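What follows is calculated from the coordinates using simple rules that are stated; it is not laboratory data. From a predicted model like this one, the values you see are computed outputs, not experimental measurements. A quick note on method: Cβ atoms are made from the backbone with ideal geometry, for glycine too, and the neighbour counts reach across all protein chains shown.
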Amino acid sequence: MARPTLSINDHAHIYNRGVDKRIIFNESADYTRFIHALYVCNDTEFTAKNLKRTIKDVQNPILNIGERTGERLVDILCLTLMPNHYHLLLRQNIDRGISKFMHKISIAYTLYFNLKNERKGSLFEGKYKYKIINNEQYLVYLSQYIHLNPIKIIEPKWKERGITNWKQTNVFLETYKWSSYQDYIGIKNFPSVINLGLLEKYYKTPKEYKKFVNGYSVDDLAKIKGLI
C-alpha cells in the first residue's frame, strides 16, 4: 500500500523503534548524537555524503559541521527519545521535506551506532512510521502524549490506568532530558532544535501548557487513537 502523501505545511507524527525492540540509546552520548543529528540533518545543504564524512568520530557525540547553511526541511515541534524508540512531531517546510529529513537521520544514527558497537545491518524496525495530522485539536493532544511518553519508565501502565502519582510524575518529566517538554515549560533544553510555534499558538504561557499536560486523563488517548 502506498504511503500517504505529505504536502508543504502538513504536520505528521513520526515514530520508530529498534529492530526486534532492541535498545537504540545505550547511554547519554547516544541520545546526544541523535539530538545533534536532528539539528544538522535539518538542512537542504547537508547531504548523505556529508554524513558519511563526519560520522566516523563515534567517541564524540557532537557532529562538528559548522553553521547550518541551507533551508530547514522541517520544523521539529516536539520530540521524545526512549531507550528503544522515538517520537517526533514535525511540520513539513518543503516538498518531500520529511522524507528527506528522516532518510538522513536514519543514515546518520545507524552509521554511528553500528560503528560504535561494531555491528552491521538495520538498526530500526523498517522505515519510519508516520500519521498525518489534519485536525488542529489533535496537534496539542499529540504533543501531550509525546511529552508524557517517558512516564512508561516509572509507570509502565500509565496509558491504561492513568497517572497515579502526579507529584512523582512532574519531577520525573521536568528532569527527563531527552524530550522537548522542558522547552515547553520554559526550561531551555534544545532551543536550536525545537520550534515552539505550537506552544505560542495555543497557550499564553509555559505555565498554561504545563497545566494542560497535568490535566491528562485516559480519555485523552481516545482523542488521538489513530495517530499513535
**Asked** If you place +1 on the Cβ of every Lys and Arg and -1 on the Cβ of every Asp and Glu, how big does the dipole about the Cα centre of the chain come out, in debye to the nearest 20?
**Response** 460 debye
**Message:** Among 121, 44, 194, whose Cα projects farthest towards the positive end of the dipole of the chain, with charges put on the beta-carbon of Lys, Arg (+1) and Asp, Glu (-1)?
**Reply:** 121
**Asked** Going down the list 21/104; 159/207; 21/167; 157/204; 21/100; 104/207, which pairs span over 27 Å between their C-alpha atoms?
**Response** 21/167; 157/204; 104/207
**Karplus-derived HN-Hα couplings along the stretch 101-112 (A = 6.51, B = -1.76, C = 1.60, θ = phi - 60°), whole Hz, x at Gly and Pro** = 4, 5, 4, 5, 4, 4, 5, 4, 7, 5, 4, 4
**Message:** About the Cα centre, and with charges only on the beta carbon of Lys, Arg (+1) and Asp, Glu (-1), how big is the dipole of the stretch 138-198? Nearest 20 debye, please.
**Reply:** 140 debye
**Complete:** Once amide hydrogens are built 1.01 Å from N within the peptide plane, the residues lying 5 or more places from residue 78 or on another chain with amide H under 5 Å from its amide H are 89
**Complete:** Distance in Å, no decimals, from the C-alpha centre of the stretch 72-101 to the one of the stretch 164-228 is 17 Å
**Request:** In whole Hz, with x marking every Gly and Pro, tabulate ³J(HN,Hα) for the stretch 188-202 from phi via Karplus 6.51 cos²θ - 1.76 cosθ + 1.60, θ = phi - 60°.
**Result:** 5, 10, 10, x, 7, 9, 8, 9, 8, x, 5, 5, 5, 7, 10
**Request:** Choose one of 213, 146, 173: the residue whose Cα lies farthest towards the positive end of the charge dipole of the stretch 133-228 (beta-carbon charges +1 Lys, Arg; -1 Asp, Glu; about the Cα centre).
**Result:** 173
**Prompt:** Amide H of residue 124: which non-local residues (sequence gap of 5 or more, or other chain) have their own amide H closer than 5 Å, using H built in the peptide plane?
**Reply:** 19
**Prompt:** Once the Cα atoms of helix 28-40 and of the chain are each reduced to a long axis, what angle between those two axes, in degrees from 0 to 90 to the nearest 10, is obtained?
**Reply:** 80 degrees
